[in-house]
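Below is one structure, written out as structure tokens; comments come after it.
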Amino acid sequence: MKSGVAVHLNDLPEAQARAVLGRCCGAPRWVDRMLAARPFRDDAAVHTVAEWTWWELSRDEWLQAFAAHPRIGERPPEEWSDREQAGMRTAAQATRRALEVGNRAYEERFGYLFLICASGRSAAEMLGELRRRLQNEPAEELRLAAAEQAKITRLRLDRLVEP
């Protein structure tokens, strides 16, 4: 049975579908492959293709997707990122400052911004996770960041059909 996300993506003209998919994941090849997979049978097919495609991308393509996100704690310019980082709205100044310092340390250590699926997380939780992940080996951390991007992409695909 057809449902929301699949119907929505199938019905969009290519340019518009490209734009909305680009908001879900900033890796151009991921967007291209999602467009090539249309029409989708149902929402499960959308999510399956999205997931398989994501894990087939190269490290550099993952980094492209990561770079499309604002830093945790910065005022996101984009509505979805702002909603995802809602836990930052009530963050204490000390937590905000610690996230700024942690973000810089993370970028120096790993070469890309700290990526976390922020939806439903408080600023303190995100800070704790940042500090914990700073201890990871680079290869392990890249896989964790990629898994966080996959979660974000899934949530954003579902948001395509929110009123």
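Bear in mind that the values in this text are calculations on the coordinates, not laboratory data. Just so it is clear, the model here is predicted, and its values are computed rather than measured. Quick reminder, even Gly has a Cβ in these numbers, built from the backbone with ideal geometry, and neighbours come from all protein chains shown.
Here the spin labels are modelled as points 7 Å beyond Cα on the Cα-Cβ line, and at R132 and A36 they lie 3.7 nm apart. In terms of packing, defined here as the mean over residues of other Cβ atoms within 10 angstrom, the peptides 25-32, 106-113, 141-148 line up highest first as 25-32, 141-148, 106-113. Computed over neighbours whose Cβ is under 12 Å from that of E51, the net charge equals +2, Lys and Arg +1, Asp and Glu -1.
Placing unit charges on each Cβ (+1 for Lys and Arg, -1 for Asp and Glu) gives the chain a dipole about its Cα centre, and among A124, W52, N136 the Cα reaching farthest toward its positive end belongs to A124. For A37, what is the net charge nearby, where nearby means another residue's Cβ is under 14 Å from its Cβ and Lys, Arg count +1, Asp, Glu -1? With Lys, Arg at +1 and Asp, Glu at -1, the neighbours total -1. How far is helix 43-56 tilted, in degrees, relative to the longest principal axis of the Cα atoms in the chain, given as a value from 0 to 90 rounded to the nearest 10? Between the helix axis and the principal axis of the chain, the angle is about 60 degrees.
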